[in-house]
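Structure record follows, encoded as structure tokens.
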Amino acid sequence: MPLSTIPRVVKMDVVTPALVQKPKGSSMSIAESQQRPMLNHLLAALPCAQLDAFATHLELVPLRLGDMLYEPNTQLQHAYFPTSAIVSLHYVTTSGASVEISGVGNEGMVGISLFTGGNTTPSSAMVHTSGYAYRLERSLLKTEFVRNLALQQLLLRYTQALITQVSQTAACNRHHSVEQQLSRWLLLTLDRITSGEFILTQELVANMLGVRRESVTAAAASLQENGCISYRRGHISVLNRKSLESYACECYAVVRKEMQRLLGAS
């Protein structure tokens, strides 16, 4: 199937400080005041004493829909631990076409190449659900990775889980129907948010799956007719999770099981 071209994005690491810092005198939003490092499962898995020391280096930042955290083959400056945002990792071809190879939400982190030694990656990272994340400067992550054995073991297990997700996504895109792919993708997204409703356009979903928008329209219509979801004006509500799971291929269960095995995620 033809790949889709990703929309214009904003680079997070080169935007003005106003994006991540509030003007003097402005008040903290309710959403921001509710953020805690413990909302990220990786950070929550650290022993309390180590998390307390680690948290002093973390910076809470808002991530907006379409923000680009890094582009292909560029030096990563920060690692991101999402709490409510969801980031899509894309492979981008020389023609500008792309397809999602994995997603990262509150179960993980963006920027594993910073501690695996690569520093750059041929993929890109774009925010597909706005929210918040804790950001850590690359040199601090490297220092903590060497010094903090618990963090090191945790991040290595997460890397294995992420590799499973990438591998399963490749197999799913090649062998399963768009309806199955959409069901898998919606379930993974649902696992990363606190409600059963999210704002997603068909164009955005088509970009994630690397398929035609018309294919997503047909798949969404089928799932809606069967009572799995409700779709209107860019809002998708999951009405029957069990039914949606029955339409998904085995890829969703494989990814979820491996994440639970390695990280104890709920």
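The values are calculated or read from the model by the stated rules, or taken from the named source; none is laboratory data. For clarity, every value in this text was computed on a predicted model and none was experimentally measured. Backbone-built Cβ (ideal geometry, glycine too); neighbour counts: all protein chains shown. Keep in mind that these areas ignore ligands, DNA and RNA; they rest on the heavy atoms of the full protein, side chains included. Shrake-Rupley method; radii C 1.70, N 1.55, O 1.52, S 1.80 Å.
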Original post:
the range 69-92 to the range 231-246: how many Å between their Cα centroids?
Top reply: 27 Å
**OP:** Please name whichever of LEU204, MET259, ALA79 sits farthest to the positive end of the charge dipole of the chain, dipole taken about the Cα centre and charges placed at Cβ: Lys and Arg +1, Asp and Glu -1.
**Re:** ALA79
Original post:
For LEU46, what charge total do you get from the other residues with a beta carbon under 11 Å from its beta carbon, if Lys and Arg give +1 and Asp and Glu give -1?
Top reply: -2
Original post:
Roughly how many Å² of ILE199 are accessible to a 1.4 Å probe, to the nearest 10?
Top reply: 120 Å²
Original post:
What does the charge dipole of the chain about its Cα centre add up to, to the nearest 20 debye, if the Cβ of each Lys and Arg holds +1 and the Cβ of each Asp and Glu holds -1?
Top reply: 120 debye
**OP:** Could you work out the longest stretch of the chain that avoids the trypsin sites (Lys or Arg not before Pro) located in DSSP loops with at most 11 other Cβ atoms within 10 Å?
**Re:** 25-232
Original post:
Given charges of +1 on the Cβ of Lys and Arg and -1 on the Cβ of Asp and Glu, with all other atoms neutral, how large is the dipole of the range 160-266 about its Cα centre, in debye to the nearest 20?
Top reply: 120 debye
Original post:
Considering only THR143, SER102, VAL216, whose Cα is most displaced toward the positive end of the charge dipole of the chain, charges sitting on Cβ of Lys, Arg (+1) and Asp, Glu (-1)?
Top reply: THR143
Original post:
Can you give me the Cα centroid spacing of the range 108-125 and the range 131-146 in angstrom?
Top reply: 12 Å
Original post:
Among residues other than GLN260 whose Cβ falls under 12 Å from its Cβ, what is the net charge (Lys/Arg +1, Asp/Glu -1)?
Top reply: +1
Original post:
Taking 0.36 nm per intervening residue step and subtracting the Cα-Cα distance, what contour gain separates SER130 from GLU32 on full extension?
Top reply: 34.0 nm
